[in-house]
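Input: a single structure, listed below in structure tokens.
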């Protein structure tokens, strides 16, 4: 994708001026606000409630101390995020850049969570600066990850995805381990706008004033960034200083919002894009209209969420806006200019000479057996390290199902990742990156809403159906771009973000069935019983057997459709069957340990690095590696911080994420 897409990516599709759309949204929000206030208080008392509320009238106190601050926070937060997104897109020349996709919001949120737990006294010194430090560190990590590829749009978005996975999984496990202290953190982190005083508005208003003044000062040099770097330098613009200053300003604006109201996704991308579509083509025009439109959009969205009743009344506006913004992003993706499609067929995916199959399987089985024995026999206790070599039946009774669950989940994710990478001819495809694991989670949560008691087979079916439905949507959207690897990846990232927002909305509802899902979302295997381990092991054996029958297809499909057709392989039917297998495997793994993990990305990549090129050898090596890593992750989670238990999904995410970040920094990640 050309790096200069921001200057010409989207052409105006409407003749209306941004003022018309902004005014319409503001009128809708004002009407909803007036209707809601009128139900609480007669109109003749509105002026008194705003100027000096009667201390004996609880209705006036609620309007003055809660409703009005929430309205002002919506306007200020919407303007700040939209201004930050406009600056990010101009500096990085990437219309998909915004605080959420760049990891800025995730870094700020994680910094605040850690400070709240381990150094709450720092919050009194100014939580905005703690959020800014976390956001700046997150932005630096994303830039470092994408630096080798010259901050190309796809690399930036993928680096932001990695960081979001990291910060999201750590935040989830912090909530699980410190539930009492962080009981309301999950709702706040999802973008709740509830207010009970004027602290947030008084904090955000100076930030907006400072941001507007500095943006006006930087407007002229930032406008030249629509040109190439050479032409900008020829006009005397100090590019390094301007880019660094503008990025620091945008990070500060986004961090101030996260510190006050939590994470609000997609708004920093929606507002600048929509005002550009409605005629604000110049950067100076977008600096004016994007904050105004973003303020009106967030205000109207918040009023709509407040009008809901029942279990959905408490859903955070930020999560709902992320969910509503995803379809717009799907509409936006096809309108980005694309470079010519070049089939991505890495040499490691084509048939070739692999290490001896029998020897590699024997070595992999030995490593896996060693990991299993260590996980079963060795562990920490109150009296130090303890080894139980078969005589401690009670200990094996507790450890056995967990080890079996980790082994099965590692096998399934690794094989599913290898299948996806070979079918899509994209070395970065995996259940986690493409949003398939989140789709499986959504299917399982949907089943939980429909029935309180569901058997193992019904759970596998629901999770598999959610994963397969996600795959079908991914294929339908990717077909429009001839399955260009970077486009499929962007569609997968967007789909995963949308499904994650939907899961957050469900978890944020008042339904009591959702409260027990937080530990599972963090990747916990604590509740796996011997019966569960046996059932899912049998399911894994069946799925592995079915995959063995499709090995020939996996050798041929990476060669392309013409080569496959000449060898008698129907591409559509074979791809559909393989993707169904990958979906079922992802569903099994998701049921056992939740959606967090990088095993589906890391294990196949490691197998290719070791020289396993043919499909059979690649699948076997990836399966052994994935199972071994997951078993070791479970052992580390049980013993690293004993007596605290770290969910295996978090440990796997940390190990896999660090590995892949290292590959991106060295420029060896195949994108």
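The values are calculated or read from the model by the stated rules, or taken from the named source; none is laboratory data. Just so it is clear, the model here is predicted, and its values are computed rather than measured. A quick note on method: Cβ atoms are made from the backbone with ideal geometry, for glycine too, and the neighbour counts reach across all protein chains shown.
Of all residues in segment 41-54, none that is outside the structural domain of residue 70 (by TED's automatic domain parsing) and exposed (fewer than 15 other Cβ atoms within 10 Å of the Cβ) has its Cβ atom under 7 Å from the Cβ atom of a residue that is at pLDDT 85 or above and not in a helix (DSSP H, G or I), 6 or more apart or on another chain. Mind checking which pairs have a first residue in segment 119-143 that is in the same structural domain as residue 256 (by TED's automatic domain parsing) and a second that is surrounded by 14 or more Cβ atoms within 10 Å (Cβ to Cβ) and not in a helix (DSSP H, G or I), Cβ under 6 Å, 6 or more apart or different chains? Here the result reads 138/103; 142/102; 142/103, each pair linking segment 119-143 to a residue that is surrounded by 14 or more Cβ atoms within 10 Å (Cβ to Cβ) and not in a helix (DSSP H, G or I).
So which residues in segment 293-328 are more than 23 Å from residue 35 (Cα to Cα) and at pLDDT 85 or above, if there are any at all? Explain how you work it out, then say what you get.
In the first step, residues of segment 293-328 are kept if they are more than 23 Å from residue 35 (Cα to Cα); the result is 319, 322-328.
Scanning segment 293-328 gives no hits.
Within segment 592-604, residues that are modelled with pLDDT of 85 or more reach partners that are buried (at least 24 other Cβ atoms within 10 Å of the Cβ) and in a loop (DSSP other than H, G, I, E, B) with beta carbons closer than 6 Å, at six or more positions or on different chains, in the pairs 600/430; 600/431; 600/432. Taken together, the residues in segment 430-453 that are under 29 Å from residue 609 (Cα atoms) and not in a helix (DSSP H, G or I) amount to 6.
Yes or no: residue 427 surrounded by fewer than 24 Cβ atoms within 10 Å (Cβ to Cβ) and part of a loop (DSSP other than H, G, I, E, B)?
Working: surrounded by fewer than 24 Cβ atoms within 10 Å (Cβ to Cβ): yes; part of a loop (DSSP other than H, G, I, E, B): yes.
When the stated conditions are applied, residue 427 passes them.
Determine whether segment 58-66 contains at least one residue that is under 32 Å from the mean Cα position of the chain (by Cα), at pLDDT 85 or above, assigned by TED's automatic domain parsing to the domain that holds residue 197 and loosely packed, with under 15 Cβ neighbours inside 10 Å. Full working, then the answer.
To start, the set of residues in segment 58-66 that are under 32 Å from the mean Cα position of the chain (by Cα) comprises 66.
So of that shortlist, the ones also at pLDDT 85 or above come out as 66.
Still in the running and assigned by TED's automatic domain parsing to the domain that holds residue 197: 66.
Those left that are additionally loosely packed, with under 15 Cβ neighbours inside 10 Å: 66.
Yes, segment 58-66 contains at least one residue that is under 32 Å from the mean Cα position of the chain (by Cα), at pLDDT 85 or above, assigned by TED's automatic domain parsing to the domain that holds residue 197 and loosely packed, with under 15 Cβ neighbours inside 10 Å.
Considered as a group, the residues in segment 232-249 that are under 30 Å from residue 168 (Cα atoms) and without any contact (Cβ under 8 Å) to a residue 40 or more places away in the chain include one that is surrounded by the most Cβ atoms within 10 Å (Cβ to Cβ), and that residue is 245. When residue 290 is tested against (1) assigned to a loop (DSSP other than H, G, I, E, B); (2) in contact with a helix residue (DSSP H, G or I) (Cβ under 9 Å, 6 or more places away or on another chain), just one condition goes unmet, and that condition is (1).
Could you name every one of the helices (runs of 4 or more DSSP H) located completely within segment 220-285 that has at least 2 residues being modelled with pLDDT of 85 or more and in contact with a helix residue (DSSP H, G or I) (Cβ under 7 Å, 6 or more places away or on another chain)? Please lay out each step first, then the result.
On the way: elements: 229-234, 239-261, 267-277.
The helices (runs of 4 or more DSSP H) meeting that bar are 239-261, 267-277.
Using the structure shown, decide if residue 568 is at positive phi and surrounded by fewer than 24 Cβ atoms within 10 Å (Cβ to Cβ). Against the criterion (at positive phi and surrounded by fewer than 24 Cβ atoms within 10 Å (Cβ to Cβ)), residue 568 qualifies.
Quick grid of which residues meet (1) more than 33 Å from the chain's Cα centre (by Cα); (2) crowded, with 18+ Cβ neighbours inside 10 Å:
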| site | (1), (2) |
| --- | --- |
| 215 | no, yes |
| 220 | yes, no |
| 226 | no, no |
| 230 | yes, no |
| 251 | no, yes |
| 255 | no, yes |
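For segment 594-619, how many residues meet the condition of being crowded, with 24+ Cβ neighbours inside 10 Å and either under 18 Å from residue 415 (Cβ atoms) or in contact with a strand residue (DSSP E or B) (Cβ under 9 Å, 6 or more places away or on another chain) (or both)? Steps first, please.
Going through segment 594-619, the residues crowded, with 24+ Cβ neighbours inside 10 Å turn out to be 594-605, 607, 612, 615, 618-619.
Filter once more, keeping what is either under 18 Å from residue 415 (Cβ atoms) or in contact with a strand residue (DSSP E or B) (Cβ under 9 Å, 6 or more places away or on another chain) (or both): 595, 597-605, 607, 612, 615, 618-619.
Here the count works out to 15.
Among residues of segment 25-34 being in contact (Cβ under 8 Å) with a residue 60 or more places away in the chain and farther than 13 Å from residue 70 by Cα, the one that is surrounded by the most Cβ atoms within 10 Å (Cβ to Cβ) is 25. For residue 39, the conditions (1) within 30 Å of residue 143 (Cα to Cα); (2) at pLDDT 85 or above all hold with the exception of (1). When segment 566-582 is filtered for residues that are at pLDDT 85 or above and either within 28 Å of residue 663 (Cβ to Cβ) or under 19 Å from the mean Cα position of the chain (by Cα) (or both), the ones remaining, listed by number, are 578, 581, 582.
Here are 471, 413: which of them is under 20 Å from the mean Cα position of the chain (by Cα), modelled with pLDDT under 80 and not in a loop (DSSP other than H, G, I, E, B)? Even if it seems obvious, please write down each step before you answer.
Values: 413 fails: modelled with pLDDT under 80.
Answer to the selection: 471.
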